[in-house]
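Chemist: Dropping a structure here in structure tokens format, bear with me for questions.
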There are 2 protein chains.
Amino acid sequence: MFETAELHHTISEADYRKEVVVLRTELLQLQDALREADFSVIVLFQGVDGAGKGETVNLLNAWMDPRGIVTRAFGDPSDEEQERPAFWRFWRELPPKGRIGLFLSSWYSRPILDRVYGLTKTATFEQHLGRIAAFERMLVEDGTLLIKFWMHLGKKAQKERIESLAKDPRTRWRITEKDRKHCKWYDRFMDASEQALQKTAIVPWTIVEGYDPHYREVIVGRMLRDAIRQRLAPKETQAVLPVTVERPADSVRSDLLSPLDGTLQLDKAAYLVRLEELQGKLNRLFRRAKQGGCSLVVVFEGWDAAGKGGAIRRVTGALDARDYQVIPIAAPTDEERAHHYLWRFWRHLPRRGRVIIFDRSWYGRVLVERVEGFTPPPGWMRAYAEITDFEEQLHEHGMLVVKYWLHITEEEQLRRFKERQGTPYKHYKITDEDWRNRAQWAHYEQAVHDMVERTSTHRAPWILVEANDKRYARIKVLKTLCDRLSAVLKT
Amino acid sequence: MFETAELHHTISEADYRKEVVVLRTELLQLQDALREADFSVIVLFQGVDGAGKGETVNLLNAWMDPRGIVTRAFGDPSDEEQERPAFWRFWRELPPKGRIGLFLSSWYSRPILDRVYGLTKTATFEQHLGRIAAFERMLVEDGTLLIKFWMHLGKKAQKERIESLAKDPRTRWRITEKDRKHCKWYDRFMDASEQALQKTAIVPWTIVEGYDPHYREVIVGRMLRDAIRQRLAPKETQAVLPVTVERPADSVRSDLLSPLDGTLQLDKAAYLVRLEELQGKLNRLFRRAKQGGCSLVVVFEGWDAAGKGGAIRRVTGALDARDYQVIPIAAPTDEERAHHYLWRFWRHLPRRGRVIIFDRSWYGRVLVERVEGFTPPPGWMRAYAEITDFEEQLHEHGMLVVKYWLHITEEEQLRRFKERQGTPYKHYKITDEDWRNRAQWAHYEQAVHDMVERTSTHRAPWILVEANDKRYARIKVLKTLCDRLSAVLKT
């Protein structure tokens with residue numbers, strides 16, 4: 001979920017200066033228009049310590065007219081507050097129509113801390129999150145524009161930031177023992193945060209990398225501007241579902257895939273040795289998993305011609321034919337079309353001790369169906385939450401969910417397409433549709449970015465595979481599959 | 001919540017015969033039209049044992065063309081089913097578009113049973129209900145028409161029904177030891193059921209009294225007919241929110257208030273004695289509650305001129321002026337109008353050990369705002385769940401919520417209106433608006449019926465007060481307030 005916010009995004013000083021001038025002007029204009037509007041704006045800042053939540057709020061107060069802004073940070077509840085239900089303190093601070101509320105450490109902080117400190121169990125935590133979701137839903141249904149930022153820093157980046165603050169005599173005071181403890185508990189925080197984001201995704205989150213102050217400022221500013229502007233636009237252009245706030249497409253660049261190294265490769269001799277090794281290991285691991293009643297759900301997604309079929313055959317080559325099934329997902333049948341889009345996947349779920357491999361999957365909803373417009377925005381936007389919910393049910397039932405995105409570069413795809421066209425027995429593998437999809441490369445990239453950001457979870461993370469070299473890709477698939485299986489068998 | 005389904009509703013044999021002929025024809029026609037529709041219909045039958053769930057399903061199969069109907073009852077899960085996540089068995093039985101699924105003992109049964117048998121705690125139960133809500137939401141957002149019937153029988157009626165089945169040699173086989181046990185656990189079932197209905201009200205329930213077979217058949221048939229017909233109607237006439245299914249206004253008669261005895265009265269001497277007694281008692285009880293940090297939220301609703309003010313004065317007369325506050329709710333202020341409708345009530349919540357009395361309340365949302373059209377249907381329909389959720393937060397925080405509906409008959413209201421007009425110093429109490437409201441009597445009755453059905457809970461039940469005689473009403477208010485306080489102090 002946070003992979004997209006650990007890429008060390010930055011923005012150049014010159015670009016920043018240029019953009020800020022425009023942003024500030026636009027934000028002030030929108031704030032002015034907002035005064036007469038019949039809705040309020042609430043902006044939540046949650047996330048990792050040190051990711052710049054407070055700084056961003058200060059900045060927005062500087063950029064805009066602070067008289068139209070209510071800024072609130074919620075620390076320990078007062079006596080007055082303790083004597084009322086937990087949400088009372090938030091209700092009393094809700095901004096009126098025409099105003100903007102910037103909320104720091106609001107309704108998420110206490111439930112997440114309680115979970116991290118072990119004061120609540122999963123069920124209670126989920127209960128708290130359920131209440132938050134109901135509260136937010138109620139606000140949004142009443143017309144409130146609710147914008148939720150999750151400010152993120154990677155584990156290493158957080159540690160560095162805390163150390164650098166502690167070293168500087170001017171900022172040393174900001175670092176407490178609690179900060180150091182929380183830093184050590186980074187993984188616990190991520191686990192709870194991921195749960196929180198998932199269970200409250202009905203009002204979607206924007207994850208912002210806090211690594212570079214200028215970058216995060218611009219992202220928050222743009223998002224805020226676009227969301228208010230969209231909301232002030234005439235009703236006809238708005239989304240059907242008031243609950244779903246669409247994230248403006250251009251506000252986050254989709255550069256998740258570009259850092260993947262396209263030059264990684266394996267020579268044939270090394271490949272054959274590793275292949276045999278890993279297939280043997282996979283076979284042994286799976287037999288142990290099978291005895292424990294564990295089943296495996298493996299998803300292959302990737303660009304056309306990325307080598308999904310070949311990778312799948314290397315996996316199934318390690319398994320007994322009675323234990324696995326490969327389900328190729330093409331256009332749905334009539335019967336499938338007559339049901340919810342998840343129905344065709346639910347029906348294939350394996351019994352205990354089996355492997356099911358999906359060659360393309362439910363992610364079609366947020367990839368091809370989104371890009372080609374087969375499903376309108378409210379439909380595919382809802383799908384992220386539906387999908388993480390689905391996979392969570394598999395996980396809870398003891399199934400291991402492994403998801404691969406096979407990545408090739410645009411040039412490599414072109415080479416493969418041409419090769420397919422030039423080779424008679426590979427001809428059937430290339431269609432006009434493949435060429436059409438290729439023309440939409442940038443849109444697919446954006447869709448993949450959003451998919452990974454919103455559906456990669458601790459329990460079912462996306463594994464991005466550099467697949468320009470088929471041998472390298474197959475070995476990486478086998479190796480990571482073995483790793484996930486080993487990890488499950490250990491627990 | 002179930003008050004409206006314990007009124008021993010019946011329908012005459014002649015009316016039944018006449019209506020069934022029409023209903024069957026209409027249902028068959030609709031079923032035919034449905035075949036081409038791009039949505040499926042799922043009808044859930046949950047509720048009390050012996051309330052006629054199975055019989056109703058059989059009947060619908062007889063009334064309609066069984067080839068377009070999928071009937072499923074879910075007992076203990078099979079081996080196959082146990083090896084998949086809990087919802088797998090429901091997914092596999094979902095009807096395709098154009099078909100109707102009648103589901104008995106479906107996704108609610110196991111969570112409710114687990115709760116009643118003490119296998120789960122509140123948090124886990126709420127977690128289960130949260131999943132159900134997400135599942136139903138997903139289906140409805142995908143276009144499914146989901147109709148949920150809760151078949152109800154009062155405690156005594158259930159016992160009688162089980163005894164009569166057990167006595168008859170032809171039906172004796174139907175009664176097991178488990179049925180007898182469940183019958184004894186009636187209150188536990190009601191408590192869990194109420195929770196389930198509340199937490200899943202986003203797709204609204206229709207509560208049907210199962211006492212008279214003909215009555216329940218007609219109600220279910222009408223509701224099914226109206227819901228399918230509404231859904232097949234052209235899009236423009238549909239509700240804005242796909243999630244909310246409006247219950248056809250005429251399908252349940254609003255006869256909750258008519259059985260209230262308008263002739264109950266107290267003579268002045270008895271009244272004065274009781275008044276002093278009860279005010280003393282209330283004072284003592286409240287002082288004890290105050291020491292325990294308990295606070296009290298009392299809501300007065302009722303017809304215009306029903307005597308709310310007088311009843312409130314009899315309550316406050318028993319309290320120390322420093323301990324209570326009366327909040328009269330009239331048209332909202334500008335500031336209040338700029339917030340969510342619940343905001344003005346949240347802000348008045350009492351500290352520990354205080355009493356807050358609302359003279360009219362948040363129920364305006366589902367009474368005057370509904371009837372006068374100030375709030376469009378999706379808004380007031382959402383409000384039932386928002387309100388029960390709000391009151392639950394008060395309850396959980398240790399506040400006692402007591403709600404009164406003061407009922408007078410139409411004739412008595414007329415008498416009082418005329419008296420007010422004829423008495424100079426009462427003149428200010430009667431306005432044109434009162435006369436306008438009076439003209440809407442039937443609509444208000446329907447609104448009160450729905451309000452009680454959907455917001456009367458174990459934790460915050462509605463108390464209906466026969467108020468044609470002011471003395472009787474005041475004594476009943478004081479007495480029931482003392483009862484509620486005593487009950488809380490005992491736990």
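The values are calculated or read from the model by the stated rules, or taken from the named source; none is laboratory data. All figures in this text were calculated on a predicted structure; none of them were measured in a lab. Reconstructed Cβ throughout: ideal geometry from the backbone, glycine too, with neighbour counts over all protein chains shown.
Chemist: For residues that are in contact with a Gly (Cβ under 9 Å, 6 or more places away or on another chain), closer than 21 Å to A:Cys482 by Cα and either free of Cβ contacts under 8 Å to residues at least 24 places away in the same chain or not basic (Lys, Arg) (or both), tally how many sit in the stretch A:327-364.
Modeler: Qualifying residue count for the region: 2.
Chemist: Any residue at all in the stretch B:391-405 that is closer than 15 Å to B:Gly310 by Cβ and either aromatic (Phe, Trp, Tyr) or touching a residue at least 12 places away in the same chain (Cβ under 8 Å) (or both)?
Modeler: Going through the stretch B:391-405, the residues closer than 15 Å to B:Gly310 by Cβ turn out to be B:404.
If we keep only those that are either aromatic (Phe, Trp, Tyr) or touching a residue at least 12 places away in the same chain (Cβ under 8 Å) (or both) as well, we get B:404.
Within the stretch B:391-405, one or more residues are closer than 15 Å to B:Gly310 by Cβ and either aromatic (Phe, Trp, Tyr) or touching a residue at least 12 places away in the same chain (Cβ under 8 Å) (or both).
Chemist: Name every residue in the stretch B:283-310 that is farther than 27 Å from B:Ile408 by Cα and either part of a helix (DSSP H, G or I) or at pLDDT 95 or above (or both), in order of residue number. Write out each step before concluding.
Modeler: Applying the first criterion (farther than 27 Å from B:Ile408 by Cα) to the stretch B:283-310 yields B:283-295.
If the condition is that a residue be farther than 27 Å from B:Ile408 by Cα and either part of a helix (DSSP H, G or I) or at pLDDT 95 or above (or both), then B:Asn283, B:Arg284, B:Leu285, B:Phe286, B:Arg287, B:Arg288, B:Ala289, B:Lys290, B:Gln291 are the ones that fit.
Chemist: When you scan the stretch B:136-148, do you find a residue that is polar (S, T, N, Q) and either within 30 Å of A:Ala201 (Cα to Cα) or not assigned by TED's automatic domain parsing to the domain that holds B:Lys97 (or both), even just one?
Modeler: The answer is yes; a qualifying residue exists.
Chemist: For A:Arg84, state whether it is among the charged types (D, E, K, R) and either outside the structural domain of A:Thr200 (by TED's automatic domain parsing) or free of Cβ contacts under 8 Å to residues at least 24 places away in the same chain (or both).
Modeler: Working: among the charged types (D, E, K, R): yes; either outside the structural domain of A:Thr200 (by TED's automatic domain parsing) or free of Cβ contacts under 8 Å to residues at least 24 places away in the same chain (or both): yes.
Answer is yes for this residue.
Chemist: In addition: If you check A:Glu392, A:Glu386, A:Glu369, which single one turns out to be more than 10 Å from chain B (Cβ to nearest Cβ) and acidic (Asp, Glu)?
Modeler: Step by step, each of A:Glu392, A:Glu386, A:Glu369 is checked, and only A:Glu369 is more than 10 Å from chain B (Cβ to nearest Cβ) and acidic (Asp, Glu).
Chemist: Being of a type outside the set (Ser, Thr, Tyr) and without any contact (Cβ under 8 Å) to a residue 12 or more places away in the chain is the filter here; which residues of the stretch B:420-441 pass it?
Modeler: Once the filter is applied, which keeps residues that are of a type outside the set (Ser, Thr, Tyr) and without any contact (Cβ under 8 Å) to a residue 12 or more places away in the chain, the stretch B:420-441 yields B:Gln421, B:Gly422, B:Pro424, B:Lys426, B:His427, B:Asp432, B:Glu433, B:Arg436, B:Ala439.
Chemist: OK, next. Identify the single condition in (1) surrounded by fewer than 14 Cβ atoms within 10 Å (Cβ to Cβ); (2) modelled with pLDDT of 85 or more; (3) closer than 22 Å to A:Thr4 by Cα that A:Ala249 does not satisfy, given that it satisfies every other one.
Modeler: If we test A:Ala249 against (1) surrounded by fewer than 14 Cβ atoms within 10 Å (Cβ to Cβ); (2) modelled with pLDDT of 85 or more; (3) closer than 22 Å to A:Thr4 by Cα, just (2) comes out false.
Chemist: Quick check, is B:Ala33 over 23 Å from B:Ala133 (Cβ atoms), in the same structural domain as B:Asp187 (by TED's automatic domain parsing) and part of a helix (DSSP H, G or I)?
Modeler: Working: over 23 Å from B:Ala133 (Cβ atoms): yes; in the same structural domain as B:Asp187 (by TED's automatic domain parsing): yes; part of a helix (DSSP H, G or I): yes.
Answer is yes for this residue.
Chemist: While we're looking at this one, here's another question. I'm checking my understanding of the structure. Among residues of the stretch A:380-430 that are small (Gly, Ala, Ser) and within 16 Å of the chain's Cα centre (by Cα), which one is modelled with the highest pLDDT?
Modeler: A:Ala383
Chemist: If you don't mind, another one. Among the residues of the stretch A:139-195 satisfying the criterion of being among the hydroxyl-bearing types (Ser, Thr, Tyr) and farther than 30 Å from A:Gly98 by Cβ, which is surrounded by the fewest Cβ atoms within 10 Å (Cβ to Cβ)? Give the steps one after another, and end with the answer.
Modeler: Initially, the stretch A:139-195 is screened for residues among the hydroxyl-bearing types (Ser, Thr, Tyr), giving A:144, A:164, A:171, A:176, A:186, A:193.
Next cut, farther than 30 Å from A:Gly98 by Cβ only: A:164, A:171, A:176, A:186, A:193.
Numbers: A:Ser164: 12, A:Thr171: 11, A:Thr176: 9, A:Tyr186: 17, A:Ser193: 21.
Per the criteria, the residue is A:Thr176.
Chemist: Strands (runs of 3 or more DSSP E) wholly in the stretch B:54-169 with at least 1 residues that are within 23 Å of the chain's Cα centre (by Cα) and more than 13 Å from chain A (Cβ to nearest Cβ) - which ones? Please lay out each step first, then the result.
Modeler: Details: elements: B:69-73, B:100-104, B:145-152.
The qualifying strands (runs of 3 or more DSSP E) are B:100-104, B:145-152.
Chemist: While we're here: Name the pairs: first residue in the stretch B:164-186 and assigned by TED's automatic domain parsing to the domain that holds B:Asp114, second residue of a type in the set (S, T, N, Q) and loosely packed, with under 15 Cβ neighbours inside 10 Å, Cβ to Cβ under 6 Å, at least 6 apart or on different chains?
Modeler: Taking only residues 6 or more apart or on different chains, the pairs are B:Leu165/B:Thr171.
Quick grid of which residues meet (1) in a helix (DSSP H, G or I); (2) of a type outside the set (Phe, Trp, Tyr); (3) under 29 Å from B:Asp114 (Cα atoms); (4) modelled with pLDDT of 85 or more:
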| site | (1), (2), (3), (4) |
| --- | --- |
| B:Lys181 | yes, yes, yes, yes |
| B:Gln195 | yes, yes, yes, yes |
| B:Leu260 | no, yes, no, no |
| B:Gln279 | yes, yes, no, yes |
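Chemist: Also: Among the residues of the stretch B:277-291, are any more than 30 Å from B:Glu217 (Cα to Cα), within 14 Å of chain A (Cβ to nearest Cβ), in contact with a Lys or Arg (Cβ under 9 Å, 6 or more places away or on another chain) and surrounded by 14 or more Cβ atoms within 10 Å (Cβ to Cβ)?
Modeler: yes
Chemist: Still on this structure, please answer the following. Considering only residues that are part of a helix (DSSP H, G or I) and in contact with a Gly (Cβ under 7 Å, 6 or more places away or on another chain), which ones fall in the stretch B:1-30?
Modeler: Scanning the stretch B:1-30 gives B:Leu23, B:Leu27.
Chemist: Sticking with this one: Just give me the residues in the stretch A:183-193 being touching a Lys or Arg at 6+ places or on another chain (Cβ under 6 Å) and in a loop (DSSP other than H, G, I, E, B), in sequence order.
Modeler: The answer is none; no residue qualifies.
Chemist: Restricting the search to the stretch B:372-400, which residues are touching a strand residue (DSSP E or B) at 6+ places or on another chain (Cβ under 7 Å) and of a type in the set (A, V, I, L, M, F, W, C)?
Modeler: If the condition is that a residue be touching a strand residue (DSSP E or B) at 6+ places or on another chain (Cβ under 7 Å) and of a type in the set (A, V, I, L, M, F, W, C), then B:Leu394, B:Met399, B:Leu400 are the ones that fit.
Chemist: Still on this structure, I have one more. May I ask you to say which residue of A:Ala487, A:Ala442 is surrounded by fewer than 17 Cβ atoms within 10 Å (Cβ to Cβ), among the small types (Gly, Ala, Ser) and closer than 28 Å to A:Pro204 by Cα?
Modeler: A:Ala442
Chemist: I would also like to ask the following. Determine which single condition B:Arg474 fails, assuming it passes every other condition in (1) in contact (Cβ under 8 Å) with a residue 24 or more places away in the chain; (2) surrounded by fewer than 17 Cβ atoms within 10 Å (Cβ to Cβ).
Modeler: Unmet for B:Arg474, out of (1) in contact (Cβ under 8 Å) with a residue 24 or more places away in the chain; (2) surrounded by fewer than 17 Cβ atoms within 10 Å (Cβ to Cβ): (2).
Chemist: Given the residues B:Arg322, B:Arg347, B:Arg354, B:Arg337, which is the only one that is within 12 Å of chain A (Cβ to nearest Cβ), within 27 Å of B:Val488 (Cβ to Cβ) and at pLDDT below 90? Talk me through it step by step, then tell me what you get.
Modeler: Working: B:Arg322 fails: within 12 Å of chain A (Cβ to nearest Cβ); B:Arg354 fails: at pLDDT below 90; B:Arg337 fails: within 27 Å of B:Val488 (Cβ to Cβ).
Matching residue, one of B:Arg322, B:Arg347, B:Arg354, B:Arg337: B:Arg347.
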